[in-house]
1. Can you confirm whether the range 280-291 contains a residue that is at pLDDT 75 or above and either over 23 Å from residue 322 (Cα atoms) or part of a helix (DSSP H, G or I) (or both)?
2. Consider residue 255 against the criteria (1) farther than 22 Å from residue 172 by Cβ; (2) modelled with pLDDT under 70: it satisfies all of them except one. Which criterion is unmet?
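The values are calculated or read from the model by the stated rules, or taken from the named source; none is laboratory data. Not measured: the values here are computed from a predicted model. Cβ sites come from the backbone with ideal geometry, for glycine too, and all protein chains shown count toward neighbours.
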């Protein structure tokens, strides 16, 4: 027989944990014991409070996992606590990369969703971001995901904030145009899309880079090596790029004339396709193909063919010309006549 205050249970099972806790509180005279690690006093600071008399019994009534948490909180050594809540260097680096990648892609997404008036209000903050020298180093980040996200953001800036891009052309153009040798599968599509955006959005983009010593050698090496295994992804971008480079086309061709790998590669056919495309836009294949700006393409065609004529004549009139170069001239003429 138990006392009158003993909790009745069905089937002589143990009282519930809440019931047992209530009984323990009654035995303590109604005083609520302090939990280890938290002070029950009204204070703005957390402090360690020793367990009061009877807390051992209450401790046995608490869920084991929660009890383990409370015991960890009771450890006063800050070093020990840091060792519990700490992560490895690799985990921190991985988290940082994910955060950085998401932030760059988030800016791209935000620009695509905002109305033009809202984008204008955001440009001041974007300008502050672009003024940071550290920001432009992301184009050379060791992680491909970061580089890819950076170039995707460049595409969005060119598309939605052209005035801001013009103001940052001195840093943006080298960051994009001199990265064409990056053939990582994650990076190549956005970097080439960014290249096309830059040459279309910034008319004087070639004044900010040395095309002859910087851009063209990288492009030449990329074509020489067949796209470094990414030819399928590279090919659709080459002709639009070449169409933006009439003034840079002849130096590239001249280098190709003495290089068998370039002659046998896609360069000559790409140039042929480009010239045919220009002829159609100029209305030389029927008026139905002509566009309003056909005069522009007529001028482009005239300049290119005039330059090619001078180039071919220089090699043909030179008795000391390398046979390989003459074969290159023949190959180019053959490709152009197909």
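1. No, the range 280-291 contains no residue that is at pLDDT 75 or above and either over 23 Å from residue 322 (Cα atoms) or part of a helix (DSSP H, G or I) (or both).
2. (2)
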